[in-house]
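Taking it in order: structure first as structure tokens, then the write-up.
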Amino acid sequence: MRTSADSADSAVFVPHFHWDREWYEPFQVFRHRLVAALDTVLETAEANPDFRFTVDGQMAAIEDYLEMRPGSRDRIAALVAGGQLAIGPWLILLDEFLCSGETIVRNLRMGWEAAAELGGPMPVGYLPDMFGHVAQMPQILARAGFEHAALWRGVPGSVEGHAFRWRAPDGSEVRTEFLFDGYDNGLDVLLVPDRIGRALGEYARMTADRWGGDPVLAMAGTDHNAPDARLTQWLRRASSDERAITVATLDEYIREHVRDEVSAVVTGELRSHVRGNILPGVLSVRLGLKQRMAVAERTVDHAERANALWSRRDDSPFLSVAWHKIIESTAHDSVVGSGTDETCDQVDARLAEAAQTARAVRDAALAEVAALVPGDGHLVANPLPFARTAAVEVDVVAPPEGGALVATAADGSTHPVQLISPGPHRTQRRDDGRRAARTGAAPDPPP
Ligand SMILES: [Zn+2]
């Protein structure tokens, strides 16, 4: 049943901030501001039960905060339980084009798990500032159990309302809230606290065609700033019979205030510039970062399989660290290369660490099986989840004069061999003092 607050003459304010973890300042500089901002948010929420705050859809902000304020964990959990704080579901607000599909899924999973430990994630695939969106995102969200997304950039001009059904190539759909004026559309309305009612009226009239019978969504926040602690006080004063004002989390707006059926459907990738720049240059700037991302992703992928298939060690803590560092680096101002040089240096080092951690896990797993191979044999490991035939290149000791090279597998089967090139004649002293050929035509004669 529609209430008076659910009409075109009402508005819902969603206090939030957008937190680029690193960008024109490196991570630690922004984190110092983050801690101050979240201090303010927690104090405001605790002093005012009507206050709500949506933490930018990413758990990285909470993790980074708690590292400096470990004593605030219970405070955050209490605010989440009370419905005042909406956290997650992502670990970080990623660039969707510059990482693998597996990384996107891991991002959601790690964010979800971290939020669950504090009371539960916001069940909205919030993607406020990404530079366009991949076609499979509705599929990923739907498979994870999400019914809703919310985003700004990339939506085509054919969407005339404030929501659409976003469909993936496989037919999966999520109802998507279209932040057509960006994620800070409520800020101008708040510029003069005594004139909020009037400014809101003007904005509601200007955008009336977008809202239909639904209340105006006013996203009250922007980059790297906590909302003013007096926000709910101002809004209470501005609320009137003519236009009721509610303060909510983004999840509450979508699931409790919106009523209109959504008819517009958009299928696939979102890369339109019509309502927001999608900064296409970021796909190629600072190419080295993109290459290092790909290397790190593939190395951890191989390491995870090698560890699962061949190792008796539990290396999951190492793999989690590697994944975390990769996911951190997918932030939409990190791997894209839109940050300063010192930010990019840090992304570069983080990706290198991820690849090194993964390489250590992979090599340790391979060493376990390699130890079972006879001294005159070679280990050939296939990290793919299916059997395959492939050429393998190895250095072998040359057979005696006139002998033929033969490759015999562990099951006794023989395989064709091609000599690519003879190696240099190289000798090396054995532990027992005898000299033997490692590669080359023949061993030295005994002394
Ligand atoms: Zn951003």
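Derivation of every value follows stated rules applied to the coordinates shown; laboratory data play no part. This is a predicted model, so every value here is computed, not measured. Don't worry about glycine lacking a Cβ; one is built from the backbone with ideal geometry, like all the others, and counts go over all protein chains shown.
Around Gly377, which amide H atoms from residues at least 5 apart in sequence, or from another chain, sit under 5 Å from its own amide H, with H modelled in the peptide plane?
none
Can you order the peptides 373-385, 170-182, 309-321, 121-133 by their average number of other Cβ atoms within 10 Å per residue, highest first? Don't skip to the answer; put the middle values down first.
Working: 373-385: 10.8, 170-182: 19.8, 309-321: 14.4, 121-133: 23.9.
Output ranking for 373-385, 170-182, 309-321, 121-133: 121-133, 170-182, 309-321, 373-385.
From the phi of every residue in region 56-65, what ³J(HN,Hα) in whole Hz does the Karplus formula 6.51 cos²θ - 1.76 cosθ + 1.60 yield, where θ is phi - 60° and glycine or proline is x?
6, x, 9, 6, 4, 4, 6, 4, 5, 5
Assuming 1.567 mPa s and 4 °C, estimate D for region 247-314 with Stokes-Einstein, Rh taken as the Kirkwood radius over Cα pairs, in µm²/s. Present the calculation step by step, with values, prior to reporting the outcome.
Values: Rh = 17.6 Å.
Here the translational diffusion coefficient equals 74 µm²/s.
Given the DSSP H assignment, sum -39500 (n - 2.57) over each helix run of at least 4 residues in the chain and divide by its residue total; what's the result at 222 nm in deg cm²/dmol, nearest 500?
On the way: 11 runs with 153 residues, N = 447.
After summing the helix terms and dividing by residue count, I get -11000 deg cm²/dmol.
Over region 177-263, what lengths in whole Å, largest first, do the semi-axes of the equivalent ellipsoid take, defined as the square roots of 5 times the eigenvalues of the alpha-carbon gyration tensor? Show your work: numbers first, answer last.
Numbers: eigenvalues 82, 48, 33 Å².
The equivalent ellipsoid of region 177-263 has semi-axes of 20, 15, 13 Å.
So what are the ³J(HN,Hα) numbers for region 169-185, from phi and the Karplus equation (6.51, -1.76, 1.60; θ = phi - 60°), rounded to whole Hz, Gly and Pro as x?
With coefficients 6.51, -1.76 and 1.60, one gets x, 7, x, 5, 9, 9, 6, 10, 6, 9, 7, 5, 9, x, 8, 10, 5 Hz.
What angle do you read, to the nearest 10 degrees and between 0 and 90, between the alpha-carbon axis of helix 27-47 and the longest principal axis of the chain?
40 degrees
Given axes a ≥ b ≥ c from the Cα gyration tensor, I'd like to know whether region 11-278 is rounded (a/c under 1.5), prolate (a/b larger than b/c) or oblate. List each step's numbers first, then the result.
Values: a/c = 1.60, a/b = 1.03, b/c = 1.55.
Since a/c reaches 1.5 but b/c is at least a/b, the shape of region 11-278 is classed as oblate.
Write down Rg/Rh for region 282-370, rounded to two decimals, with Rg from the C-alpha atoms and Rh from the Kirkwood relation over Cα pairs. Don't jump to the answer; show the numbers that get you there.
Working: Rg = 14.0 Å, Rh = 13.2 Å.
When Rh is taken as the Kirkwood radius, the ratio is 1.06.
Could you tell me which of rounded, prolate or oblate describes the chain, using a ≥ b ≥ c as the square roots of the eigenvalues of the alpha-carbon gyration tensor, with rounded for a/c under 1.5 and, failing that, prolate when a/b is larger than b/c and oblate otherwise? Walk me through the numbers on the way to the answer.
Working: a/c = 3.10, a/b = 2.50, b/c = 1.24.
It is prolate, given that a/c is not under 1.5 and a/b is the larger ratio.
Give the residue from Leu108, Ala45, Ala238 lying farthest towards the positive end of the charge dipole for region 11-278; charges sit on Cβ (+1 for Lys and Arg, -1 for Asp and Glu) and the dipole is referred to the Cα centre.
Of the options given, the answer is Ala238.
Classify region 205-347 from the C-alpha gyration tensor, please: rounded if a/c falls under 1.5, else prolate or oblate depending on whether a/b exceeds b/c.
Details: a/c = 2.21, a/b = 2.06, b/c = 1.07.
It is prolate, given that a/c is not under 1.5 and a/b is the larger ratio.
Taking H placed 1.01 Å from N in the peptide plane, check which residues at least 5 places from Ala407 or on another chain put their amide H under 5 Å from its amide H.
Result for Ala407 returns His415.
Please find, in a Gaussian network model of the chain (springs between Cα atoms separated by less than 10 Å), the residue of Ala248, Ala371, Ala404 whose mean-square fluctuation is greatest.
Ala404
May I ask for the angle, rounded to the nearest 10°, between helix 316-329 and the longest principal axis of the chain, with both axes built from Cα atoms and the value confined to 0 to 90°?
60 degrees
Helix 287-310 sits at what angle to the longest principal axis of the chain, using alpha carbons and giving 0 to 90 degrees rounded to 10?
The angle comes out near 70 degrees.
What order, most packed first, do the peptides 22-28, 237-243 have when packing is the mean number of other Cβ atoms within 10 Å of each residue?
On the way: 22-28: 17.9, 237-243: 14.4.
Ranking the peptides 22-28, 237-243 by packing returns 22-28, 237-243.
Can you tell me the order of 287-293, 358-364 when each peptide is scored by its average per-residue count of other Cβ atoms within 10 angstrom, highest first?
Numbers: 287-293: 16.9, 358-364: 20.0.
Order by mean packing, descending: 358-364, 287-293.
What list of ³J(HN,Hα) values in whole Hz, one per residue of region 393-407 in order, does the Karplus curve 6.51 cos²θ - 1.76 cosθ + 1.60 (θ = phi - 60°) give from phi, with Gly and Pro shown as x?
9, 9, 8, 10, 6, 5, x, x, 2, x, x, 9, 6, 10, 9
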